[in-house]
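So the structure is just underneath, and the comments pick up after that.
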Amino acid sequence: MARFGDGAGRFAGRTVVVTGGAGGIGRAVCAGFAAEGATVAVVDVNADAVADAVSVLGTRAHGFTLDVADAGAVAELMRRVHAEHGGPHVLVTLAGGSLGTPRDLDAIAPEHVDLVLDVNVKGTLYCCQAAAPHLGDGGAIVTVASIGGRQPSPVTGVPYAAAKAAVGGLTRRLAKELGASGVRVNAVAPGLFLTGRLQGMFDAMSDAERREVLDAIPLGRMPELREIADPVLFLASDEASYITGVTLDVNGGRYMPA
C-alpha cells in the first residue's frame, strides 16, 4: 500500500478535499487536516464563507465554490484539484444536512425532498465518483451519515432520515467496489453537534427540554467540534489502514448499535 509523505503530520504530502468545508464542522475538519500537513481544498456553496474559511486556515487551504448536486461542476473540481495540487488523496463529504426543510410530514413538499436527496445522496455520490480515479492506493473517503439516519430524530424530518440512511448504504457499496484499488471508504454518523441552526434551536429550548436532551446522552454533555474532526482524521489516516465499509457513530452513546 502506498504511503504519502514522511514529513510532519499524518497528512504531509497529501491533498484533501472537504465538501461543506466552510461550515462549523467543516472548518474544524479542514483545520485538523491543515495542522497535520495536508493541502486542503475547502469546498462549499457559500462563496463568502469559503473566502472567510481560507483566510482563517492560511496558506495550506484553497477555496472552491460549487453545488455538489451539479455533477459536471464536481467532476471539473476534481480535475482542477488534481492539476493544481495533486491527488486528491482524501475526500470528506460533509456537504449536506436538512437544509432548512420542514420536519413535520404534512409540511414536506416535493421540492424539499428533492433538495435534501440531491445534496446529501447525489452530491455524496458525485463527489466520490469524481474523486475515485485520483485517490490511488492508500486513498480514503470519509462520508457523513447521521444519528438521524440510524434512529428517529426529534429535530429532522423524513427526507433527512432517508438521505442519511442512504449514505450508509452508499458507503458500504463504494467500500466493496473501491477496495481492490486500495481505497478505503468509511462513514461517520455524528450526533447533535451545535452549529448554526441547531445551536439556535437548542438555546431556544426550556431548561427542562435541554435537560431531556442531555439525559439521553450517556456521557451527559454536548460535544466539542474536535470530537467529530478527530474521528474523521482517524478514518482518513494510515492508522485506519485495515478499516473500510464501517459507519462510526460519534454521539456520546446516544445510539448504540448491536
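Observations on the structure shown:
- The residue that is nearest to ALA95 (Cα to Cα), among those in the range 136-149 that are part of a loop (DSSP other than H, G, I, E, B) and touching a strand residue (DSSP E or B) at 6+ places or on another chain (Cβ under 6 Å), is ALA145.
- Subset tally (residues that are loosely packed, with under 15 Cβ neighbours inside 10 Å and either charged (D, E, K, R) or assigned to a loop (DSSP other than H, G, I, E, B) (or both)) for the range 68-85: 4
- Qualifying residue in the range 217-237 (condition: in contact with a Leu (Cβ under 7 Å, 6 or more places away or on another chain), at pLDDT 95 or above and among the hydrophobic types (A, V, I, L, M, F, W, C)): yes
- Residue list for the range 211-258, restricted to those being part of a helix (DSSP H, G or I) and either hydroxyl-bearing (Ser, Thr, Tyr) or over 21 Å from LEU170 (Cα atoms) (or both): ARG211, GLU212, VAL213, LEU214, ASP215, ARG226, GLU227, ALA229, ASP230, ASP238, GLU239
- For the range 94-135, filtered to residues that are out of contact with any strand residue (DSSP E or B) (no Cβ under 6 Å at 6 or more places or on another chain) and of a type in the set (Ser, Thr, Tyr), the residue that is surrounded by the fewest Cβ atoms within 10 Å (Cβ to Cβ) is THR101.
- Within the range 159-210, tally of residues that are closer than 25 Å to ALA28 by Cα, part of a helix (DSSP H, G or I), charged (D, E, K, R) and within 16 Å of the chain's Cα centre (by Cα): 1
The values are calculated or read from the model by the stated rules, or taken from the named source; none is laboratory data. Fair warning: this is a prediction, and the values are worked out from it, not measured in the lab. Cβ coordinates were reconstructed from backbone atoms using ideal geometry, including for glycine residues, and neighbour counts include every protein chain displayed.
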